[in-house]
Structures are given as structure tokens and as C-alpha cells.
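J.: The structure follows.
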Amino acid sequence: MPVNGVPHDTIVAIVGAGAMGVGIAQVAATAGHLVYVFDISAEAIQAGDKRLQGALSVAVEKGKLSKPERLEVLSRVIFTHEIEDLKPAKLIIEAIAENLDAKRALFQRLDELADRETILATNTSSISISEIAAGSKHPERVVGMHFFNPAQAMKLVEVVSGLATSSAVASSVFKFAEQWRKKPVLVRSVPGFIVNRVARPFYAEAFRMLEEGVTSPVLIDHVLKCCAGFRMGPFELTDLIGHDVNAAVSASVFDRYHHEVRFLPSIIQEEYVAIGRLGRKSGIGVYNYTNGVPAPAEPEHKRPKRTLHIRASDKMGPAHDLLAEIANVGVSVEIDPAMAHGVLNCDDVEIALTDGRLATERSNHSGKSVVLYDLALNYKTSPVIALAPGDQASDGDIDIAVSLFQIIGKDVFIIDDYPGMIVMRIMVMLANVAADAVRDCVAIPSEIDNAMRYGANYPIGPLEWGDLVGVSRVFETLCNLTQTIGEPRYGPSQYIRRRACAGRPLQ
Ligand code: NAD
């Protein structure tokens with residue numbers, strides 16, 4: 001029976017019985033298709049078959065499949081050494097090694113073998129779909145179908161169109177992915193597609209913080225998890241992915257964009273790779289795993305309770321909830337519309353949301369001691385806050401800022417005076433690179449956000465978060481970062497500039 005316009009009894013074929021090929025086979029067979037899996041290596045077939053059985057047993061343990069359903073799914077997957085067996089398939093998904101020549105040669109062979117209407121998809125994560133399609137006599141039927149690892153668990157599928165891909169082919173593949181309970185997004189073939197392009201600042205800015213000694217890696221991870229809702233911090237994540245793999249993606253995106261400074265790879269990460277500090281798999285990466293996982297960061301010691309006299313701007317922007325939190329603990333706040341946006345005055349110390357300028361610089365302008373606080377996705381629920389005092393702030397001034405946030409129950413961490421701090425800097429750069437992807441017509445804004453949520457497990461899409469923070473604030477912060485750091489890497493995307501000028505959201 002056709003489901004969503006896709007005939008359910010369509011035979012699907014997978015080429016490559018590696019990690020991805022077998023995961024995709026599991027997805028398609030679970031959705032009801034008969035699936036052929038072909039590999040040139042007999043050992044790979046044997047290992048793939050075993051992995052599939054194991055993965056389906058895990059699905060039974062998790063209650064996702066019954067035991068009889070597991071057997072049914074297994075009976076629908078046929079591993080083969082004969083490429084000719086793939087002939088009846090209406091959709092063939094290639095998941096062989098990431099090598100253009102090998103993929104092109106395979107597509108030439110599939111061209112001879114498959115019916116004219118058969119769709120030829122590739123799971124490549126970094127090669128241009130147009131270049132792979134050039135290996136086929138019918139490039140209009142070649143499309144990217146980029147699953148994420150593990151394919152059976154990750155929701156996103158980037159449906160990638162090369163220059164010649166027909167829209168009918170892209171929309172058929174999109175429907176297959178929907179039918180397989182995935183979240184497909186339509187993407188134009190550009191280096192890194194959406195996820196591997198837009199995610200770059202999450203790693204690059206964090207490594208830069210490490211290189212510049214802003215604070216410890218464990219604190220950067222901790223702040224990004226607690227204040228921004230990421231499941232893993234950038235260092236935990238790259239240690240898990242492997243620095244060799246992560247650095248190779250960064251280098252490939254940087255090269256393919258002709259050394260665009262936005263994508264500048266990290267020198268320290270390249271050094272890790274050079275000396276074999278690859279992450280968990282080598283026992284040491286950013287963290288050393290010989291004695292288990294790294295200890296969490298220690299917050300500032302508790303300051304004695306004190307009476308604070310607080311005045312606040314009536315325009316707190318994304319930090320608006322802070323005022324409610326302060327009121328909740330019975331501390332009164334005098335609202336002063338004359339004060340700059342996002343600023344609290346606490347016993348004459350200026351406590352302000354970071355905007356890309358240094359606290360030290362802001363202190364010079366205001367003539368007051370300035371302590372900056374970082375962005376949080378939700379100031380009510382975030383258990384943590386990072387503060388960056390200007391060089392003029394005395395220990396007493398810092399105590400006042402720490403006390404304020406401890407009174408409302410936050411674990412407080414002090415970091416160096418750093419432009420944009422941790423969360424704001426990463427968030428505005430993610431929004432900036434996502435906005436460049438909108439400008440370059442890689443995908444529509446909602447698809448870019450969906451890709452980051454379902455392919456990288458982000459708590460919220462970067463464009464949607466930009467809207468929550470406020471487009472003009474994001475724009476201003478990027479302008480300030482550009483000026484403070486003096487590098488074009490932070491220059492606001494033309495798309496953000498336009499939206500800020502027009503007073504319109506990014507989404
Ligand atoms: P893998 O090395 O685990 O498996 C590749 C398999 O392809 C091997 O079993 C190999 O024997 C087989 N193979 C090689 N050449 C072949 C050919 N000409 N014909 C038939 N079989 C052949 O690789 P993987 O991690 O599964 O990656 C496969 C593809 O998916 C790559 O293009 C990769 O970039 C992409 N991808 C990988 C990930 C990931 O995290 N591993 C995620 C998304 C996309």
C-alpha cells in the first residue's frame with residue numbers, strides 16, 4: 001500500500017555494510033521494506049549481519065520492537081556478495097568509503113545495473129553531490145541522503161540536491177525519510193551541507209577559548225551544558241567523536257570554502273591529532289581518561305548574605321527573568337528606564353549582560369566597576385552563571401556580583417574578561433553561520449534550525465535562539481566582537497544585518 005505516496009513494498013538496496021550502511025538497512029527494514037545489503041568484503045558482510053542482530057536485540061530490550069518483530073525485520077534484510085542482486089531495488093543508497101573516485105566508479109556500475117527510474121542516493125557527509133553525480137549518465141537521479149550516526153537513532157536526514165538533481169527525486173527521497181520516521185530537510189549541496197557547516201563555531205570558538213586561557217575546559221563544557229542546554233560540551237563531544245575525525249571535517253569545510261576565516265580550524269586541536277591525543281579512543285584528548293571522566297568544575301565559595309541595593313534597566317532583553325528571580329527571593333529592585341539595556345546596578349557595581357565588549361572597556365566608559373554576566377537560555381532554570389569582572393573591579397566589587405547571583409541560587413563561576421564570554425560568543429557565532437547558510441540558499445531558516453536540533457541534538461535552533469536574544473542584540477554583539485577582537489571572522493552575516501535593519505526575526 002502506498003504510504004505518503006511512497007509504495008511500501010519498494011525494495012531498497014544499500015551498498016556498504018559498514019556502520020552507516022547497516023544502520024540505514026535497519027531503518028528501512030523496520031519501516032517494512034525488503035532490503036538488500038551489498039559489500040565487496042565478506043568480513044564486512046559477516047560483521048554487518050552480526051551488528052544488525054545486536055542492534056535489533058537492543059531495540060527489543062528498549063521496548064521499541066517485540067521479539068517476533070525483531071525476527072520479521074531480520075528476515076527482511078538480505079546480505080549479499082552479488083551486486084546484481086540489487087537490480088530490483090527502486091532506491092539504492094550508497095554508504096561506502098568517503099572517496100570520490102570509489103563513489104563515482106560505483107555510480108557508473110549502478111547506472112548499468114539499475115532500472116532507469118531507480119533513485120541513486122549517497123550517504124556522503126562531505127563530498128559534493130554534483131561531483132558524485134558526474135559519475136552517472138543520469139545525474140538527475142543522484143541525490144544525497146545524509147543520515148547521522150547511529151542512523152537507527154538519529155532523526156535527521158539531509159536530503160541534498162546537487163546541481164543536476166531533479167526536484168522529483170529529492171521529494172521522493174524526502175517522502176521515504178518521512179515514512180521511515182525521520183526528520184528530513186531539503187538542502188543544497190554545499191561543503192558541510194547544513195550540520196557540518198553550521199556546527200563549526202561550537203568547536204572552533206571553544207578551542208579558541210582554550211588556546212587563549214579563558215578558563216578550564218571542564219568549566220567551558222559545564223557552562224555550555226548548564227546555561228545553554230547542550231547535552232555535551234564541545235570538549236567532551238570532540239573527545240568522543242575523535243579529534244582526528246572532527247579536525248578532518250573542520251579542515252575539509254575550511255578548504256572547500258577557500259579558507260574562509262569563519263571556518264578557521266583550531267591549531268591546538270590539530271596538535272592533539274599530530275601527537276595522537278585523539279580523545280576517548282586513545283585514552284587522552286582534551287581530558288585524560290586514565291583515571292575516569294574529568295571532575296566537574298567547582299563554583300565560587302559561598303559569600304556571606306548581605307543586603308543589596310539594586311537598580312535595573314526596564315529593558316533586560318533575554319535576561320528579563322533575572323529580575324523575577326531576584327524579586328522571588330524578596331529583594332526589591334528599583335526600575336530605572338534611564339539605565340542601559342541589560343544592566344543592573346548593585347551597590348554601585350555595574351552588572352551587565354555581555355555584548356561582545358570587554359568588561360574593562362565598558363568600565364572605562366561608565367566610570368564604574370563592571371562585572372559582566374553570560375547569556376543563559378533560561379535564567380530561571382539554569383543552575384549556573386559565569387561572570388567576567390573588568391580589570392578595574394576590586395575583590396569587594398566581585399563579591400557583590402557573586403552575592404547577587406548566589407542569593408538567587410546560582411553556582412557562580414568567574415572567568416577571564418573575554419569578548420562575548422562563553423555562551424553568548426558561541427551562540428551569536430552559531431546564529432551568524434546559520435544566517436550565512438540562509439543567505440547562501442542552503443536551506444530555509446526553519447530547516448536549518450531543525451537540522452541542528454535533530455542532527456546535532458541542539459536544545460534549540462541557532463536562528464530561533466537568535467530571535468529569543470533579539471536580532472538587533474545579536475547584530476550589535478557581532479559588531480562589538482569584530483571591533484574588540486579585530487578579526488573579520490566575527491563580522492555579522494548580511495542576513496542578520498538585513499533582518500536587524502528591518503526589525504524582522506531570523507526565523
Ligand atoms: P565504514 O568504513 O564503516 O563502511 C564502509 C563499507 O563499505 C565497508 O564495509 C567496505 O567494505 C564497503 N565498501 C567499500 N568500497 C565498496 C564498494 N566499492 N562496493 C561495496 N562496498 C564497498 O564507513 P561508514 O562509517 O559506514 O561510512 C560510509 C559512508 O557514510 C561514508 O561516505 C561516510 O562519509 C558516510 N557517513 C559516515 C558517518 C559516520 O559517522 N560514520 C556519518 C554520516 C555519513
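The values are calculated or read from the model by the stated rules, or taken from the named source; none is laboratory data. The structure presented is a predicted model; accordingly, all values stated were derived computationally and were not measured. Every residue, glycine as well, gets a Cβ built from its backbone with ideal geometry; the counts of neighbours run over all protein chains shown. Just so you know, the surface numbers come from the protein's heavy atoms only, side chains and all, with ligands and any DNA or RNA stripped out. Shrake-Rupley method; radii C 1.70, N 1.55, O 1.52, S 1.80 Å.
J.: Quick one: with all protein chains in place, what share of the accessible area of region 196-282 is carbon or sulfur, to the nearest percent (1.4 Å probe)?
T.: 57 percent
J.: Can you compute the charge dipole magnitude of the chain about its Cα centre, using +1 on each Lys and Arg Cβ and -1 on each Asp and Glu Cβ, nothing else charged? Give it in debye, rounded to the nearest 20.
T.: Using Cβ point charges on Lys, Arg, Asp and Glu, the chain gives about 1180 debye.
J.: Also, quick follow-up: Can you bin every Cα-Cα distance in the chain into 20 Å intervals starting at zero and give me the percent of pairs per bin, rounded to whole numbers?
T.: 22, 48, 25, 6, 0
J.: Calculate, in nm to one decimal, what Arg116 and Ser57 gain on full extension: separation in residues at 0.36 nm each, minus their alpha carbon distance.
T.: That works out to 17.5 nm of additional length.
J.: Next question. Whenever you get a sec, compute what percent of the accessible area on region 12-189 sits on carbon and sulfur atoms (1.4 Å probe).
T.: Its accessible area is 54 percent carbon and sulfur atoms.
J.: So for region 12-189: antiparallel DSSP bridges make up what percent, rounded to the nearest 5?
T.: In region 12-189, approximately 15 percent of DSSP beta bridges are antiparallel ones.
J.: Expected output is a single nm value to one decimal: the length gained when fully extending between Asp49 and Ser472, i.e. 0.36 nm times separation in residues minus the C-alpha distance. What is it?
T.: Net length gain for the segment: 146.9 nm.
J.: Find out how many positive minus negative residues lie around Phe207, taking Lys and Arg as positive, Asp and Glu as negative, among other residues whose Cβ is under 14 Å from that of Phe207. Before the final figure, lay out the partial values.
T.: Numbers: positive: Arg200, Arg208, Arg277, Arg425, Arg489; negative: Glu205, Glu211, Glu212, Asp221, Glu236, Asp239, Glu270, Glu271.
Here the count lands on -3.
J.: Give me a comma-separated list of calculated 3J(HN,Hα) values for region 229-242, in order, Karplus coefficients 6.51, -1.76, 1.60 applied at θ = phi - 60°, integers in Hz, x for any Gly or Pro.
T.: These are the phi-based 3J(HN,Hα) values: x, 6, 5, 9, x, x, 7, 4, 5, 5, 5, 6, 5, x Hz.
J.: Whole-Hz ³J(HN,Hα) for each residue in region 340-351, computed from phi via Karplus 6.51 cos²θ - 1.76 cosθ + 1.60 with θ = phi - 60°, x for glycine and proline: what do you get?
T.: 5, 4, x, 10, 10, 10, 10, 6, 6, 9, 8, 10
J.: Enter the accessible area per residue of the chain (Å², integer; probe 1.4 Å; all protein chains in place). Could the numbers behind the result be given before it?
T.: Values: 21040 Å² over 507 residues.
It amounts to 42 Å² per residue over the chain.
J.: Of the listed pairs Lys368/Lys410; Lys50/Lys183; Lys225/Lys380; Lys62/Lys175; Lys64/Lys182; Lys103/Lys281, which have alpha-carbon separations greater than 21 Å here?
T.: Values: Lys368/Lys410 24 Å; Lys50/Lys183 27 Å; Lys225/Lys380 15 Å; Lys62/Lys175 27 Å; Lys64/Lys182 15 Å; Lys103/Lys281 28 Å.
In this structure, Lys368/Lys410; Lys50/Lys183; Lys62/Lys175; Lys103/Lys281 exceed 21 Å between Cα atoms.
J.: Would you grab the residues whose amide H sits under 5 Å from the one on Val37? Only those 5+ places off in sequence or on another chain, please, with H modelled 1.01 Å from N.
T.: It is Ile14, Ile78, Phe79, Thr80, by chain and number.
J.: Rounded to the nearest 500 deg cm²/dmol, what is the calculated helix-only ellipticity per residue at 222 nm for the chain, with -39500 (n - 2.57) per DSSP H run of length n ≥ 4?
T.: -13500 deg cm²/dmol
J.: Within region 219-326, which trypsin sites (Lys or Arg not before Pro) sit in a loop by DSSP and count at most 15 neighbouring Cβ atoms inside 10 Å?
T.: Qualifying residues, ordered by number: Arg231, Lys302, Lys305, Arg306, Lys315.
J.: Given Cα pairs under 8 Å that are at least 6 residues apart, what percent is the relative contact order of region 359-454? It would help to have the intermediate numbers written out before the result.
T.: Numbers: 103 pairs, mean separation 23.5, N = 96.
That works out to 24 percent.
J.: Something else now. Charges on Cβ only, +1 for Lys and Arg, -1 for Asp and Glu, centred on the Cα centroid of the chain; of Thr165, Ser75, Trp465, which one is farthest towards the dipole's positive end?
T.: Of the listed residues, the answer is Ser75.
J.: Now for a different question. Taking H as built 1.01 Å from N, whose amide H comes closer than 5 Å to the amide H of Met339, not counting residues under 5 places away?
T.: Asp314
J.: So for the chain, averaging the separation of alpha carbon pairs under 8 Å that are six or more residues apart and normalising by length, what relative contact order in percent results?
T.: Rounded, it is 11 percent for the chain.
J.: Which listed residue (Tyr36, Pro304, Val218) has the Cα farthest towards the positive end of the charge dipole for the chain, taking +1 on Lys and Arg C-beta and -1 on Asp and Glu C-beta about the Cα centre?
T.: Tyr36
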